[in-house]
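Student: Below is the structure I would like to discuss, written out as structure tokens.
The values are calculated or read from the model by the stated rules, or taken from the named source; none is laboratory data. Computed from a prediction, not measured in an experiment: that's the story for all the values here. With ideal geometry, Cβ positions are generated from the backbone for all residues, glycine too; neighbour counts draw on all protein chains shown. Side chains are part of the model used for accessible areas, which takes the heavy atoms of the whole protein and leaves out ligands, DNA and RNA. Shrake-Rupley method; radii C 1.70, N 1.55, O 1.52, S 1.80 Å.
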Amino acid sequence: MSRPGRLRPRSLRSRLVLIAGLLATGAVVLCQLAGLVVLRSWLTDQVDDRLAGFRPPPGMYEDLADGSLSHRAPDVLPSDYRVFFYSPRGDLLKDALGRTSPAGPTLPDRAADLELSVGRPATVPADGGDGADWRVLASSGPGQVRSVVALPLDTVDGATAKLLWFGVGLGTLAAGGVVLLGNAAVRLGLRPLTRVERTAEHITAGDLELNVPVADADTEVGRLGLALNTMLDRLRSALHRAEDSERRMRRFMADAGHELRTPLTAIQGFAELLVDQPGMTGGRRREAHSRIVHNADRMSRLVDDLFLLAKLGHAPVRRRERVDLLSLCADAIAGTAVRHPDRDIGLQPLGGPRTGAGSGTGPEPGPGHGPGEDDGEQDLDVVEALGDGHQLAQILGNLLSNACAHTPAGSRVVVRVGAARAGGETGGTDRPGRVGAGRPMPYGAAVCVVEVADDGPGIAPDDARHVFSRFYRAGPRDPDRVAGSGLGLAIASAIAEAHDGRLELDGRPGGGCVFRLLLPAVG
């Protein structure tokens, strides 16, 4: 049962060669058979014409009636003609004209059994079954005598037999030639597919940066190569994204573990101190309790920030309503001023006077907001965007807290709010010292802009590239200030992306910083 499966060709090349060989051989055999049939029909028609044109020798029927037909010479008829007679009573007569060798056709003894129509030739076998068939033609003579003229078909059989053997030989040669030449032709034609196969083997072995060679994109193999290259590009992109995601996840887990370890270690240390020293003074006990509460609160806020980041990364903003950014900025400034009463925090329109790093940057100002006008000569317009007001307020609070935390005590902070067109200064092109988080806004699109600018010492380029990364901290300007968790700007950028917006930073050492929030304008 398994032997036919073993004999079946498994490779595409072998199958193509086998199919081509069978088709070529079949075509040759069919052509030879058609030629054989045509040739035999033509030769048989020639014999029939000779039979129809036969003219009996003079006095043949008179000699038959006198009984002297047997005295005629055997070669009285031309070539291989034979003539047989049936008496008026329908009996086959022994007297016949023609040579006696080879054996003649097989004829019945009675004319009634002779299945021949007058004037229509027919083929009958040789007498005794030996020799070639005979072509016979029946005709009527005088006195109800019937004659049968016969010619052998040995010439026809010989010609058709030679043609048949010639066809067999030609078919064999054609099959052999197709197998040999077809194998080479198919191998040459499938060479691009072989290269694709070898490239696939290398890719399977681990070399994922290879591409399938494409010689001609108009061929089937070329289109297959283009499709495979497209699939490989997507596969590589998916693998790179998976590797990058895994790498960021590992770093995130390591950073989260590191951040949680510090408050946990402090809580554990002070708790053990309380257990090991039950007789400590009330002041020290209150201090230990205070440190435990402080670190527990810090760990709780860190966990809350992590949950918020996870939620922002997997769910869109569910609550979208018209939010007045001008009111949000005013509330954020008021809240920050309470925590930092020594800070000078101002609110200006987007086209107002520039401060520090904000000089010469920002979107194109709207009508009536010239860069040379001061606060008293400009009006603050209501700017509305769609989104979650609580989350957008969290962005502004984080930006203002960072500005106060990373600038000296006398530095001024300015919040600018307004509408503009994306492009140029507003998220449309790359600028030296600019980094951003989120998809760039379409060029020329109407956007709502909130800038938080300071005239502090700025930020180094190496720190600016990572400022929106999770757990990244450039370090507090005040050595006595405890460093934050490094999640504030990461949360702000995630909220901006969830609102289809973008968060940017323009900064350079000694020139201050400008954090810019871009949101799609309400249509």
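Student: Only one of these is of a type in the set (A, V, I, L, M) and at pLDDT 80 or above: LEU208, LEU235. Name it.
Tutor: Of LEU208, LEU235, the one residue that is of a type in the set (A, V, I, L, M) and at pLDDT 80 or above is LEU235.
Student: Keeping to segment 135-154, report how many residues are at pLDDT 85 or above and surrounded by fewer than 17 Cβ atoms within 10 Å (Cβ to Cβ).
Tutor: 0
Student: Another question, if that's okay. Would you please list the contacts, defined by Cβ atoms under 7 Å and residues six or more apart or on different chains, that run from a residue in segment 294-307 that is open to solvent by less than 90 Å² (accessible area, probe 1.4 Å) to a residue that is at pLDDT below 70 and in a helix (DSSP H, G or I)?
Tutor: Listed by first residue and then by second, the contacts come to LEU302/GLU259; LEU306/ALA256.
Student: If you check every pair at least six apart or on different chains, which have Cβ atoms under 8 Å apart with a residue in segment 395-415 that is within 12 Å of CYS329 (Cα to Cα) first and a residue that is surrounded by fewer than 24 Cβ atoms within 10 Å (Cβ to Cβ) and among the hydroxyl-bearing types (Ser, Thr, Tyr) second?
Tutor: Close Cβ pairs satisfying both conditions: GLY397/THR336; LEU400/THR336; VAL414/THR355.
Student: Return yes when THR204 is within 25 Å of SER11 (Cα to Cα) and surrounded by 11 or more Cβ atoms within 10 Å (Cβ to Cβ) and no when it is not. Outline the logic, then answer.
Tutor: On the way: within 25 Å of SER11 (Cα to Cα): yes; surrounded by 11 or more Cβ atoms within 10 Å (Cβ to Cβ): no.
It is false that THR204 is within 25 Å of SER11 (Cα to Cα) and surrounded by 11 or more Cβ atoms within 10 Å (Cβ to Cβ).
Student: Another one. Filter segment 317-348 down to residues that are polar (S, T, N, Q) and either open to solvent by less than 50 Å² (accessible area, probe 1.4 Å) or in a strand (DSSP E or B) (or both), then give me how many there are.
Tutor: Of the residues in that region, 2 qualify.
Student: How do the pairs read when you match residues in segment 109-123 that are open to solvent by less than 60 Å² (accessible area, probe 1.4 Å) with residues anywhere that are among the aliphatic types (A, V, I, L, M) and at pLDDT below 80, using Cβ under 8 Å and keeping only pairs 6 or more apart or on different chains?
Tutor: Hits for this filter: ALA122/LEU116.
Student: Within segment 280-287, does at least one residue satisfy the condition of being in contact (Cβ under 8 Å) with a residue 12 or more places away in the chain, out of contact with any strand residue (DSSP E or B) (no Cβ under 7 Å at 6 or more places or on another chain) and assigned to a loop (DSSP other than H, G, I, E, B)?
Tutor: no
Student: Can you find a residue in segment 485-500 that is at pLDDT below 80 and either farther than 29 Å from VAL383 by Cα or surrounded by fewer than 17 Cβ atoms within 10 Å (Cβ to Cβ) (or both)?
Tutor: Looking for residues that are at pLDDT below 80 and either farther than 29 Å from VAL383 by Cα or surrounded by fewer than 17 Cβ atoms within 10 Å (Cβ to Cβ) (or both), one finds at least one in segment 485-500, hence yes.
Student: Let me ask something additional. Hey, among ARG223, ARG241, ARG187, which residue is touching a residue at least 12 places away in the same chain (Cβ under 8 Å) and open to solvent by 80 Å² or more (accessible area, probe 1.4 Å)?
Tutor: Within the list ARG223, ARG241, ARG187, the selection yields ARG187.
Student: Checking the conditions here, which among ARG322, ARG223 is closer than 30 Å to GLU384 by Cβ and at pLDDT 80 or above?
Tutor: ARG322
Student: Oh, and also: Do we find a residue being open to solvent by less than 40 Å² (accessible area, probe 1.4 Å), under 25 Å from ARG516 (Cα atoms), modelled with pLDDT of 80 or more and touching a Leu at 6+ places or on another chain (Cβ under 6 Å) anywhere in segment 269-291?
Tutor: Within segment 269-291, none of the residues are open to solvent by less than 40 Å² (accessible area, probe 1.4 Å), under 25 Å from ARG516 (Cα atoms), modelled with pLDDT of 80 or more and touching a Leu at 6+ places or on another chain (Cβ under 6 Å).
Student: Among (1) open to solvent by less than 30 Å² (accessible area, probe 1.4 Å); (2) of a type outside the set (Gly, Ala, Ser); (3) within 30 Å of ASP233 (Cα to Cα); (4) in a helix (DSSP H, G or I), which single condition is VAL212 missing?
Tutor: Every condition holds for VAL212 apart from (4).
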